[in-house]
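First comes the structure, then the notes that go with it.
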Amino acid sequence: MDEVIRRFGEDADDKLTAGAGVRPAAMSRRTFLAAASGIATALVAAPRVPLAAAQQRRSATYPGVFTPLSESVIATLPPPVQLSDIVSMSAVDMAKRSHLVMSAYRELVDMAKSLRNPAYRKPMLDILLDPKITFLSLYPTRADREAIRNELARFEYMSTEDDVEELFPPNGLKVQPYYASSQSHDDFYHNHPGGMAITCAVNCRLSEYHTRLYQEHFGIPADRDLAVAVLAIHEYPKAWLYYWKDDGSFALEPRTFGGNVHTHAAYVVAEMLYRGAPRELVVGVGAAHAFGSVDLKQEGKETRFLWPGYEYVAKFLHAGALLARRDPVEAGLLERGPDGALVLPPQPIEVWNCHLSDMNWPYSSGAAHKFVRPLLVQMASDTYGIRSPETREFRQLKNYAYSQIGLIGRPRMTSERGGLAAPSAAGPPRDLTRRRFLTWAAGAAAFRPPAPARAADKTGTVRVWGEPGPYGAVAVDGMNEWAQQHAPGLRFAIETLPWSDVYPKLMTDLAAGRPPHCISVESPIAFQLMAEGLLEPVDDLVQKIGRTRLIPAARWEYWGAWKGRQYILPAHHQAHLLVVRTDILREAGVTKPPGDWDWNDQLAAAQRIKAKTKLYGLCFALGRNLATDYYVISLLHSAGGRMFDAAAKFQVVFDSPAAVETFEYIRELW
């Protein structure tokens, strides 16, 4: 068991609770006024949330992946590596090594799968798994791209001074993975591999908190799904725009709307329109960035609030509609005002939530980045002799340290863990010394070998997949009994799912860099995973278990010995029983005792029962289920056949004479 635990990670796979809600409706000025006139009626007629249900929701937890800092930063850091290795890493390599990045990405994928509205679920999953840009197919030539640039320049959304190769990078269909992208500019926030995944996972979580707030405190039937989808989708053009360069930096967002912080807002509107997303999803991705922006105007002694956010969002939606070659009014995004100008109509709470929850940036840029980066520059110079932050060496050090830790932690990390104190106006925190920062960024800076892990030192949750039924739970209970004595910080958790879901879910979890640790599954699926190179060999465990522990006639290779290595352990042995109704046998005139039957006797009995009683002589629940696995395979093995040929890379051999005999026999039983 010690050897098993050595391989297990310490990450958790808690599921996010899905909130309830309804799809938001379009809201024109007329419908807004009509809704306002009915407020008094709604206050009387709207159903109250039962107190018990409200309390239950308030006490519900959203465990997800964001564990306490002692686990997410200290216990989950990768082993120390040499600075030279860091310098040679790609952004994808850094992201994949980061527990924080990959678990944030996995949480986004899980959130996408939890959305009940398929019109939101599909685009969110599509973008997380393949963040390509498709609306550029409308502009196949340089002349086409120059024409649309000039069209947007008429409205001052773009500038004719900017080359179209800069405005529309040519890598739209070959985009870096979602989890590898930076989130923002180098002097802003989460400017490292995986920054976008971390940011969006936090923002999606914030949107769920806001949804619960609106539901429970104000009785608004807010829809949870829309904001979750929007907050994962609206940033994603950055995976296209922020492509990584050889010097460790990444490309800037092209200039639009007079700056280079809102370009992705117009591009994602265009992409969602081009993909045929629902109107409210398109508005949401356009509103996420600037909907709540305000200006202050002083009139004498009174301060007036202005709301330019409506104008910003209208511009993003208009620009995106132009890029997608759609009319924004006909698409239901904007309306014509009294003066003919395009205006944004009043929006429901779900769209406001898309903006209110896009708030991961203030602390990570205003506090962490402001004080952490100068210290990293100083540390790189003093410790590694990296004199300039404009070198690949420094950028890679920064990218690696930030990607493994992120730029948001607790306001204070205790000095025992490397000490990051809350920033003050006087400058960097006093207890965040170079020595402590070196420990804090251990994954990037340490050159000492990691101490060997002991079972007793292990902490975290081991994920075990098992089919519905008692087997997995019983096995995991035994594992936890072992852990209480030998590894009290370790917990084994069973996750049940049908066998038909194992392969697709495994592909998703592998893409997120966080597959389960153990899978209890039927043999054919195990063989498939083994043949595709998705399992680790377990020869050492077989030796610890003992090769003589199996019952007579059972052989280890039956459970997955391939190319001289063992990949699968048998979970249990089972006896198959033939249950016979003796009253039906007597009625049909079958006299030979079932215990003396061979195949031919069973076939003759089944046919006689059908002829005499009008009942089927033998009942098989054929399909992808346990009955097929147990009964059909038993008959196949009895005939001397196998499903797979172990000597030929486990190729399917259903066309063998034994398999043909088996299925002919099953056909005759009916």
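When all protein chains stay in place, what accessible area (Å², nearest 10, 1.4 Å probe) is found for K544?
Rounded to the nearest 10, that gives 140 Å².
Using only the heavy atoms of the protein chains and a 1.4 Å probe, how would F155, F371 rank by accessible area, largest first?
F155, F371
Taking θ as phi - 60°, what are the ³J(HN,Hα) couplings along segment 662-670 by the Karplus curve (6.51, -1.76, 1.60), each to the nearest whole Hz, with x for Gly and Pro?
Once θ is set to phi - 60°, the couplings for segment 662-670 become 4, 6, 5, 4, 4, 4, 6, 5, 8 Hz.
Given the convex hull over the Cα atoms of segment 115-167, what projected area results after averaging over all orientations, in nm²?
The number I arrive at for segment 115-167 is 5.1 nm².
Whole number in Å², please: accessible area per residue of segment 491-530, 1.4 Å probe, ligands, DNA and RNA not counted.
Using a 1.4 Å probe on heavy atoms only, each residue of segment 491-530 averages 38 Å².
Any idea of D339's accessible area? Nearest 10 Å², probe 1.4 Å.
Looks like 130 Å² after rounding.
For I551 and H637, calculate 0.36 nm times their separation in residues minus their Cα-Cα distance, and state this gained length in nm to one decimal.
Extra length from I551 to H637 when fully extended: 29.3 nm.
In whole percent, how big is the carbon plus sulfur part of the accessible area of segment 534-670, probe 1.4 Å, protein atoms only?
That fraction is 55 percent.
Would you mind getting the accessible area per residue of segment 297-340, heavy atoms of the protein chains only, 1.4 Å probe, in Å²?
Value returned for segment 297-340: 62 Å² of accessible area per residue.
Mind checking the per residue accessible area of segment 173-254 for me, 1.4 Å probe, whole number of Å²?
I get 28 Å² per residue for this part.
Taking 25 Å as the cut-off for C-alpha to C-alpha distance, list the pairs among K238/K297; K297/K370; K505/K563; K122/K505; K174/K649 that go past it.
K238/K297; K297/K370; K505/K563; K174/K649
Once amide H atoms are placed 1.01 Å from N in the peptide plane, what residues at a sequence separation of 5 or more from F644, or on another chain, have their amide H within under 5 Å of its amide H?
V653
When the convex hull of the C-alpha atoms of segment 344-404 is computed, what volume per residue in Å³ does it have?
It is 117 Å³ per residue.
What is the percent carbon and sulfur in the accessible area of segment 150-243, measuring with a 1.4 Å probe over the protein chains and ignoring ligands?
Carbon plus sulfur share of accessible area: 54 percent.
Ignoring ligands, DNA and RNA, how do V230, V92 rank by accessible area with a 1.4 Å probe, largest first?
V92, V230
Kindly rank 196-208, 489-501, 166-178 from highest to lowest mean number of other beta carbons found within 10 Å of each residue.
Averaged packing, sorted descending, gives the order 196-208, 166-178, 489-501.
Would you kindly derive the ³J(HN,Hα) couplings of segment 485-494 from the backbone phi angles with the Karplus curve 6.51 cos²θ - 1.76 cosθ + 1.60 (θ = phi - 60°), listing them in order in whole Hz, with x for Gly and Pro?
Values per residue, Gly and Pro as x: 8, 10, 8, x, x, 9, 10, 9, 10, 8 Hz.
Accessible area, 1.4 Å probe, largest first: how do K563, K458 sort?
K563, K458
The values are calculated or read from the model by the stated rules, or taken from the named source; none is laboratory data. Nothing here was measured: the structure is a model prediction, and the numbers come from that model. Note that we place each Cβ from the backbone using ideal geometry, even for glycine, and neighbour counts take in every protein chain shown. Just the protein is used for accessible areas: all its heavy atoms, side chains included, with ligands, DNA and RNA removed. Shrake-Rupley method; radii C 1.70, N 1.55, O 1.52, S 1.80 Å.
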